[in-house]
Amino acid sequence: MTLARDLANTANDKSIVQIVYASTGSEKTVSNNTYVDTNLTGTITPTSASNKVLVMVTHGSNQKDANNTGMAMRLMRDATEIVAIIGDGGKTGTNARNNFGGTSINYLDTPNTTSAVTYKTQFMSQGNNASVAVQSEGRISSIVLMEVTP
């Protein structure tokens with residue numbers, strides 16, 4: 001009983017300090033293998049450098065149009081890549097169009113700052129020969145940033 005009570009008390013010591021939400025439904029395409037912004041971005045200013053930021057991203061309706069290409073997508077903190085989200089999305093080995101649906105990721109980050117931090121997603125066409133798209137047909141993508149105590 002003591003262990004269960006101690007674990008419950010420890011869990012209760014954690015708290016959410018603030019929540020930031022942002023979304024976009026603007027379709028964006030790219031045809032080369034240089035990362036570009038998806039238009040999904042959120043900014044949070046941590047109240048303590050020891051706090052963490054839980055980043056929750058959901059991207060709606062991804063697609064690749066033609067040729068043998070795939071989509072790569074990553075999560076950025078300011079100008080630094082912190083995690084890959086998609087490695088070879090939608091690649092079929094054919095020239096067929098492929099709508100491969102949405103994708104999501106949850107990432108617990110430690111920005112170690114009390115300055116404003118911007119999180120965003122970027123994507124590219126790996127084959128550098130055909131377009132890939134996010135928010136296809138206006139589907140919504142969203143980002144939630146939660147500052148939590150350690």
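The values are calculated or read from the model by the stated rules, or taken from the named source; none is laboratory data. Since this is a predicted model, take the numbers as computed values, not measurements. Counting neighbours? That spans all protein chains shown, and the Cβs are built from the backbone with ideal geometry, glycine included.
Could you list all residues from region 22-56 that are farther than 26 Å from Thr110 by Cβ and among the hydrophobic types (A, V, I, L, M, F, W, C)?
Scanning region 22-56 gives Val30, Val36.
Mind checking which residues of region 103-140 are at pLDDT below 95, assigned to a strand (DSSP E or B) and under 21 Å from Thr34 (Cα atoms)?
Thr103, Phe123, Met124, Ser125, Val132, Ala133, Val134
Restricting attention to region 26-37, does a residue exist that is in a loop (DSSP other than H, G, I, E, B) and more than 15 Å from Gln122 (Cα to Cα)?
There is no residue in region 26-37 that is in a loop (DSSP other than H, G, I, E, B) and more than 15 Å from Gln122 (Cα to Cα).
Tell me which residues, restricted to region 104-124, are under 9 Å from the mean Cα position of the chain (by Cα) and of a type outside the set (Lys, Arg).
The answer is Ser104, Ile105, Asn106, Tyr107, Tyr119, Thr121, Gln122.
Could you check how many residues of region 67-97 are in a strand (DSSP E or B) and at pLDDT 75 or above? Don't jump to the end; show me each part of the working.
Taking region 67-97 first, the residues in a strand (DSSP E or B) are 71-77, 80-89.
With the extra rule that they be at pLDDT 75 or above, the set shrinks to 71-77, 80-86.
Matching residues across region 67-97 total 14.
Taking only pairs six or more apart or across chains, which ones have beta-carbon atoms under 7 Å, a first residue in region 114-137 that is in contact (Cβ under 8 Å) with a residue 40 or more places away in the chain and within 25 Å of Ile19 (Cβ to Cβ), and a second residue that is aliphatic (A, V, I, L, M) and assigned to a loop (DSSP other than H, G, I, E, B)?
Thr114/Ala49
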